[in-house]
Structure formats: C-alpha cells, structure tokens
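Have a look at the structure below before the remarks.
Every number in this text was worked out from the coordinates using simple rules, so none of it is lab data. Here the structure is a predicted model, which is why all the values come from computation and not from measurement. Ideal geometry is used to build each Cβ from the backbone, glycine not excepted, and the neighbour counts take in all protein chains shown.
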Ligand code: SF4
Ligand code: SF4
C-alpha cells in the first residue's frame, strides 16, 4: 500500500513536474502580509535612540557618541515597533524572500 503511494507521487511528478522550485535561481513571491526584514537609511538617522527604546527584543543599540546604530538580526522578532517609532522615517521593512537570493544570483551571474 505504501509502495503504491510512492509510485503515485513519482508518476504525479513526472506528469505535472516537480513540486519543488530550483531555489535560489527561482524564488517564490513573498506571502501576503510578510513583514520582511528591517533596513535603515543611515544618512537620515539622527541617532535619537527611539527605535532601541521601543524594541521589545533588545535587538537595537544606538549610541550618540560615537554615532552608531547596531542591529542584531537574530534577536529581531520583526514586530515593526521601531519602524513606527522612528521620527525620521529612516527605518523600513523590505520583503526578505524576494530580495536576497535574487541579489545573490545576480552577483553570481556577474562573477561568471
Ligand atoms: S522589528 Fe521589532 S524586534 Fe525587530 S528591531 Fe524593530 S522593534 Fe526590535
Ligand atoms: S529612531 Fe530612527 S532616527 Fe532615531 S536612532 Fe532609530 S533609526 Fe535613527
């Protein structure tokens, strides 16, 4: 019975094509509502620290002297509180899945 199920999947894939994608060359569109990843336009940042104060995960560290804005990506829970709190609107969320692999693929293409 189990063997039959495997053959059914194999035949299905032969007829319809594989259910997987040729990642990272072929990247799916982000899911609706995906928040993406946090990016900063550092030129507009005034190092006020509002984003760090609002961050519930302590993923951000801002210092005025020296002027530094640090982000620990793996602490971030992608809540967007920092984006809302920023008075200069220099923080934003960009689609994560759509951006990175394509950029890497382009860099690879150029290198080849
Ligand atoms: S998105 Fe949320 S968790 Fe991530 S850095 Fe901003 S405030 Fe912190
Ligand atoms: S809230 Fe905005 S302007 Fe202030 S430190 Fe954070 S990113 Fe910079």
Taking the highest mean first, how do the peptides 5-11, 69-75 order by number of other beta carbon atoms within 10 angstrom per residue?
69-75, 5-11
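Taking 0.36 nm per residue of sequence separation and subtracting the Cα-Cα distance, how much length would be gained by fully extending the chain between residue 3 and residue 70, in nm to one decimal?
Here the answer is 18.8 nm.
Need the full-extension length gain, residue 13 to residue 77, defined as separation in residues times 0.36 nm minus the C-alpha distance. One decimal, nm. The partial results should precede the final answer.
Numbers: separation 64, 0.36 × 64 = 23.04 nm, distance 3.68 nm.
Using 0.36 nm per residue and subtracting the Cα-Cα distance, I get 19.4 nm.
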